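Got a structure for you, written out below as structure tokens; questions coming shortly.
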Amino acid sequence: MREALFTIHSRPDGSLIAENAAMGLVVCAMDRESLQEEARDALIRAVGPAHISYRVRLQPIPGNNNRHAALTSTIRCSKPMITSTQAWMET
């Protein structure tokens, strides 16, 4: 079984953003359980029927992650959001 690793970035407003850089996926949710579901949905959209061979894993990043600070500051998470990294960087 393959693994789709999403790294979690928390924001000051309490929302969570998870990114899978290898597949170019970014998801957003207000809690970890919803984030797991959004990550699974994004994976299904990205790989289609092959998603059954993947396990989604969320990995928190300890401390401040300044590399993503500017990127995550533009995302609003009032509702679940799924996007690709490319589209996210263009906004």
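Is at least one residue of the range 41-57 modelled with pLDDT under 95, assigned to a loop (DSSP other than H, G, I, E, B) and of a type in the set (A, V, I, L, M)?
no
Name the one entry in THR83, THR7 that is at pLDDT below 95 and either of a type outside the set (D, E, K, R) or touching a Ser or Thr at 6+ places or on another chain (Cβ under 8 Å) (or both).
On the way: THR7 fails: at pLDDT below 95.
Of THR83, THR7, the one residue that is at pLDDT below 95 and either of a type outside the set (D, E, K, R) or touching a Ser or Thr at 6+ places or on another chain (Cβ under 8 Å) (or both) is THR83.
Return the residues of the range 12-40 that are buried (at least 21 other Cβ atoms within 10 Å of the Cβ) and not in a strand (DSSP E or B); say none if nothing qualifies.
Result: LEU35, GLU38, ALA39.
The values are calculated or read from the model by the stated rules, or taken from the named source; none is laboratory data. Because the structure is a prediction, the values reported are computed rather than measured. FYI the Cβ positions are ideal-geometry reconstructions off the backbone, even for glycines, and counts take in every protein chain you see.
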